[in-house]
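Chemist: Got a structure for you, written out below as structure tokens; questions coming shortly.
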Amino acid sequence: MMTRPQKTSEQSLAGRTIVITRALAQASDFVTELERFGARVLLCPTIEIAAAESYDSLDEALDHLYGYDWIIFTSVNGVEYFLRRLDSRGHPPTDLDKLRVCAIGEATAERLHAAQVHVDIIPDEFKAEGVFAALERYVGSREGLSGVNFLIPRAAVARDYLPEALEAAGARVDVVTAYRTVQPDGLDRGRVTAMLAGGGADCIAFTSSSTVRNLALLFDTNDLSKILGGVAIACIGDITARTAVEFGLAVDIQPGQFTIPALAQAIADYFA
């Protein structure tokens with residue numbers, strides 16, 4: 001899963017076709033980054049961001065924010081849907097002033113700052129293990145997490161490492177659903193096949209485990225290797241890469257940082 005180390009020219013992706021599987025509503029920044037290197041970009045969103053089926057648990061948490069010490073936002077989506085629901089319940093963002101706030105990723109932190117919400121921690125590593133380590137450092141020790149109350153608004157389906165690790169350290173954790181990732185209604189197997197067939201794509205980029213799983217679900221397979229034969233596989237981070245491997249793929253490109261600009265740069269480096 002090593003990225004080639006050559007220096008990237010400004011047009012290193014000229015003549016290359018990159019397929020991106022990110023949700024359509026979030027694809028524009030990735031498209032811009034890839035086109036900066038001269039790429040032709042095909043949109044193939046395998047996930048869509050949708051409202052939660054029920055907001056009961058989130059609403060209860062919003063009405064009792066005073067009971068929490070920390071709130072952890074794992075994505076921009078989590079911030080967006082949390083703030084929308086906060087507003088619909090008649091609560092201002094200032095209700096978060098008395099809580100410590102952890103934001104996973106610079107984009108998540110920027111969205112919070114735009115809403116006038118302070119951020120106390122942005123972990124260096126944008127995955128659950130790195131978040132736990134950052135929280136542990138912030139409070140001074142693992143023992144310092146004991147008895148601390150955490151709220152984590154996130155997707156309906158997500159990894160459980162972070163809440164389990166916090167609870168193992170003695171913290172109380174409420175994980176509430178703020179939004180869902182679903183397969184888009186317009187995702188068409190024939191269209192995707194045509195997009196990938198005959199060397200039409202040089203690279204496909206996955207930005208979450210859900211983007212991999214939903215592509216496999218579309219083709220009703222546990223092995224995507226034949227469908228994506230001859231196409232370079234790019235994954236935003238090791239969790240996504242691990243999922244790609246589970247579905248039979250060999251990961252060619254993976255950036256050192258789990259961000260969209262870093263992923264675009266890694267793809268450009270690979271083809272330079």
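The values are calculated or read from the model by the stated rules, or taken from the named source; none is laboratory data. Worth saying up front: this structure is predicted, and the values here are computed from it rather than measured. In this analysis, Cβ positions are derived from the backbone assuming ideal geometry, glycine residues included, and neighbour counts consider all displayed protein chains. Accessible surface is based on the protein model in full, side chains and every heavy atom, while ligands, DNA and RNA are left aside. Shrake-Rupley method; radii C 1.70, N 1.55, O 1.52, S 1.80 Å.
Chemist: Need one number: nm distance between label points at V245 and A197, each 7 Å from Cα along Cα→Cβ, rounded to one decimal.
Modeler: 3.3 nm
Chemist: Kirkwood hydrodynamic radius for segment 1-127: how many Å is it when counted over pairs of different Cα atoms?
Modeler: Averaging 1/r across every pair of different Cα atoms and inverting gives 17.2 Å.
Chemist: Let me ask something additional. Mind giving me the nanometre distance, one decimal, between the label points for H113 and L24, set 7 Å out from Cα along Cα→Cβ?
Modeler: Label-label distance for H113 and L24, simple model: 3.2 nm.
Chemist: With no solvent and one point per C-alpha, what does the Debye sum give as log10 I(q)/I(0) for segment 88-199 at q = 0.18 Å⁻¹?
Modeler: Debye output, listed in q order: -0.99.
Chemist: Counting helices only, and only those DSSP H runs with n ≥ 4, report the 222 nm mean residue ellipticity of the chain as the sum of -39,500 (n - 2.57) divided by its residues, in deg cm²/dmol to the nearest 500.
Modeler: -10000 deg cm²/dmol
Chemist: So, one more: Once you have the Kirkwood Rh of the chain from its Cα pairs, apply Stokes-Einstein at 10 °C and 1.306 mPa s and quote D in µm²/s.
Modeler: In µm²/s, the coefficient rounds to 81.
Chemist: Where a ≥ b ≥ c are the square roots of the eigenvalues of the C-alpha gyration tensor, would you call segment 179-224 rounded, which needs a/c under 1.5, or, failing that, prolate if a/b is larger than b/c, or oblate?
Modeler: prolate
Chemist: Determine the shape class of segment 24-73: with a ≥ b ≥ c the square roots of the Cα gyration tensor eigenvalues, call it rounded for a/c under 1.5, and otherwise prolate if a/b is greater than b/c, oblate otherwise.
Modeler: Taking the square roots of the gyration eigenvalues as a ≥ b ≥ c, segment 24-73 is oblate.
Chemist: List, in order, the whole-Hz ³J(HN,Hα) value for each residue of segment 76-88 obtained from phi through the Karplus relation with A = 6.51, B = -1.76, C = 1.60 and θ = phi - 60°; use x for Gly and Pro.
Modeler: Result, ordered by residue: 4, 4, x, 5, 4, 6, 5, 5, 4, 6, 4, 5, 5 Hz.
Chemist: Just to confirm, what accessible area per residue do you get for the chain at 1.4 Å probe, in whole Å²?
Modeler: 46 Å²
Chemist: For the pair A272/R89, report the inter-label distance in nm, with labels modelled 7 Å from Cα in the Cβ direction.
Modeler: 4.8 nm
Chemist: Taking a spot 7 Å from the Cα of Q183 along the direction of its beta carbon, which residues of segment 226-241 have an amide N less than 19 Å from it?
Modeler: Zone members listed by number: 226-228.
Chemist: For E167 and R40, FRET efficiency with R0 = 41 Å and r from the beta-carbon atoms, rounded to 0.05?
Modeler: Efficiency, rounded to the nearest 0.05: 0.30.
Chemist: Give the carbon-plus-sulfur fraction of the accessible surface of the chain in %, rounded to a whole number; probe 1.4 Å, heavy atoms of protein chains only.
Modeler: Roughly 47 percent of what the probe reaches on the chain is carbon or sulfur.
Chemist: Order these peptides, 259-269, 135-145, 170-180, 212-222, by their mean beta-carbon neighbour count within 10 angstrom, highest first.
Modeler: 259-269, 170-180, 212-222, 135-145
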